[in-house]
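Enquirer: Have a look at the structure that comes next, please.
Rule-based calculations on the coordinates, nothing more; no lab input. Computed from a predicted structure; not experimentally measured. Here the Cβ is made from the backbone with ideal geometry for all residues, glycine too, and neighbour counts use every protein chain on show.
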């Protein structure tokens, strides 16, 4: 007997942006800069997100208060130059 696995639910960047309350352009910036670790799938020129990855992203960023183990901020190249003098 062969087990058939269900393919993951793929979401468009518009669907993900709506769920996260951001603009699709914000997701594009995150992909290019690597600002947040939100895995995506490239299908030719199309970008899709697995629903399970989006749920994990939300879960990993959920905090009980502002001082909870927040990830360190991403430093920009210009910030590094300015901080050294």
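Enquirer: Can you pull the one-decimal nm distance between simple spin-label points at residue 66 and residue 43, each 7 Å off the Cα toward Cβ?
Expert: My value for the distance between the label points is 4.1 nm.
Enquirer: From the gyration tensor of the Cα coordinates in the stretch 8-61, what semi-axes in whole Å does the equivalent ellipsoid have, largest first, with each one equal to sqrt(5λ)?
Expert: Ellipsoid semi-axes (Å, largest first): 15, 14, 11.
Enquirer: Let me ask something else. Under the definition of Cα pairs under 8 Å and six or more residues apart, what whole-number percent is the relative contact order of the stretch 8-61?
Expert: After rounding, I find 42 percent.
Enquirer: Based on the mean of other beta carbon atoms within 10 Å per residue, what is the order of 9-18, 36-45, most packed first?
Expert: So the peptides 9-18, 36-45, ranked by packing, come out 9-18, 36-45.
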